[in-house]
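Taking it in order: structure first as structure tokens, then the write-up.
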Amino acid sequence: MRGNIPDYQLTTPATLGDALAMLASEPGVWKPFAGGTDLMVLLESGNLRHRNYLNIWPLNELREIAFTDNYISLGALTTYTDVQAHPVLRSEFPMLCQAASETGGLAIQNRGTLGGNIINASPAADSPPALLAYDAEIELTSTSGSRWIPYHGFHTGYKQMQMRADELLTNIRLPRNTTNHFHYYRKVGTRKAQAISKVCLASVGAVTDQKIADVRIAFGSVAPIVLRCVKTESALKGHALGTDTIAMARESLRNEITPIDDMRSTASYRLQVATNLLADFLEKLQSHPV
Ligand SMILES: Cc1cc2nc3c(=O)[nH]c(=O)nc-3n(C[C@H](O)[C@H](O)[C@H](O)COP(=O)(O)OP(=O)(O)OC[C@H]3O[C@@H](n4cnc5c(N)ncnc54)[C@H](O)[C@@H]3O)c2cc1C
């Protein structure tokens, strides 16, 4: 049953500074409300436990996409539509654009934000694997200042993350160091659109002198958090690609992920699909010209 609207409070701070001051004055009392696409589902189903929200949607300070020689940075309110429209993202970060294009339908893409996707912390979310594979860093801001941390390591357990109650996720930045890499993104779901992933793989790789010089592998829906598969990455680095290496990578991945049975799929299906996707990525990487 829908939550009772008068039980909730939504207030709109005029500036980012005002929003941070409110978070600092009563830590834990106020939570951000960005596009609302996750929060409204909870409200409609009567499961929105928290009562007080800061409407950060009008804060244009959190909407900017900017780039330097080394990074592209995306404000936390960047929507999936913004992602798909940006020329630098389209040419250098195609996995993020593909994830955005496969997230929900057009209404969700216009309203859902990257910041909301990260903090909602679903292990089945579609952009976080791409962000992990691109070595994203995130900026957390409070009245005491900003800190940049690697996105890898931010999620510490199911819906657990390294963020204080007085902090807001303000920016996400991606190093521009994968221009010559091979990029591979596959979301496997029940349908082509409006489906939550059963398994999702985002990976980039580069081969030099016929050996794997760089490889980054990130999966959604195979663990309590979106997972960067660092053990499988280090098992692969320095190896020549071929049947034996791919078999070894499959085995390593089997030991690294912990998929579960749930309403969308089974653990054994997820394990099989995840290893198949990894093998497909490695086969395509093998034939990718440097
Ligand atoms: C029909 C439908 C289809 C969907 N399909 C997909 C899909 O295919 N793939 C997918 O990954 N997701 C999907 N989603 C989930 C959702 O759209 C995304 O997670 C979206 O990115 C959430 O962003 P938002 O701005 O709407 O978050 P909100 O709902 O506003 O917030 C989500 C959470 O993040 C917190 N938050 C938001 N912004 C910040 C910030 N800047 N700093 C700190 N905390 C913040 C909020 O307090 C809240 O806890 C779908 C949702 C719906 C309703």
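Observations, loosely collected:
- Shown here for region 1-63: trypsin sites (Lys or Arg not before Pro) in loop regions (DSSP other than H, G, I, E, B) with at most 14 other Cβ atoms within 10 Å, namely R2, R49, R51.
- Loop-resident trypsin sites (Lys or Arg not before Pro) (DSSP state other than H, G, I, E or B) in region 84-183 with no more than 15 further Cβ atoms inside 10 Å of their Cβ: K159, R164.
- Projecting the Cα positions of T170, M248, L23 onto the charge dipole of the chain (unit charges on Cβ atoms of Lys, Arg, Asp and Glu, taken about the Cα centre) puts M248 furthest along the positive direction.
- Only protein heavy atoms count here; under a 1.4 Å probe, V29 has an accessible surface of about 50 Å².
- For chymotrypsin sites (Phe, Trp or Tyr not before Pro), no site in region 162-267 is both called loop by DSSP and has at most 12 other Cβ atoms within 10 Å.
- Cβ-placed point charges (K, R +1; D, E -1), dipole of region 42-200 about Cα centre in debye, nearest 20: 580
- Under the convention that each Lys and Arg Cβ holds +1 and each Asp and Glu Cβ holds -1, the size of the dipole of region 166-205 around its Cα centre is about 400 debye.
- Probe 1.4 Å, protein heavy atoms only - accessible area per residue of region 48-205 in square angstrom: 41
- Diffusion coefficient, µm² s⁻¹, Stokes-Einstein with Kirkwood Rh over alpha-carbon pairs of region 176-265 at 4 °C and 1.567 mPa s: 91
- Sulfur and carbon atoms: percent of accessible area, region 20-163 [1.4 Å]: 53
- Using alpha carbons only, the radius of gyration of the chain set against its Kirkwood radius gives Rg/Rh = 0.98.
- D by Stokes-Einstein for region 49-111, Kirkwood Rh over Cα pairs, 37 °C, 0.692 mPa s: 254 µm²/s.
- Placing unit charges on the Cβ atoms of the charged side chains and taking the dipole of the chain about its Cα centre, the candidate lying farthest along the positive direction among A100, Q84, C200 is C200.
- Taken over region 98-231, lysine pairs spaced eight or more positions apart, or on distinct chains, with alpha carbons under 29 Å apart number 9.
- Of the complete DSSP H runs in the chain, those spanning 24 angstrom or more by Cα along the long axis with a mean Kyte-Doolittle score not below -0.5 are 267-286.
- Sorted from greatest to least, the principal axis extents spanned by the alpha carbons of region 52-200 come out as 43, 37, 30 Å.
The values are calculated or read from the model by the stated rules, or taken from the named source; none is laboratory data. Quick caveat: nothing in here was measured; it's all calculated off a predicted structure. Cβ sites come from the backbone with ideal geometry, for glycine too, and all protein chains shown count toward neighbours. For accessibility, only protein heavy atoms count, side chains too; no ligands or nucleic acids. Shrake-Rupley method; radii C 1.70, N 1.55, O 1.52, S 1.80 Å.
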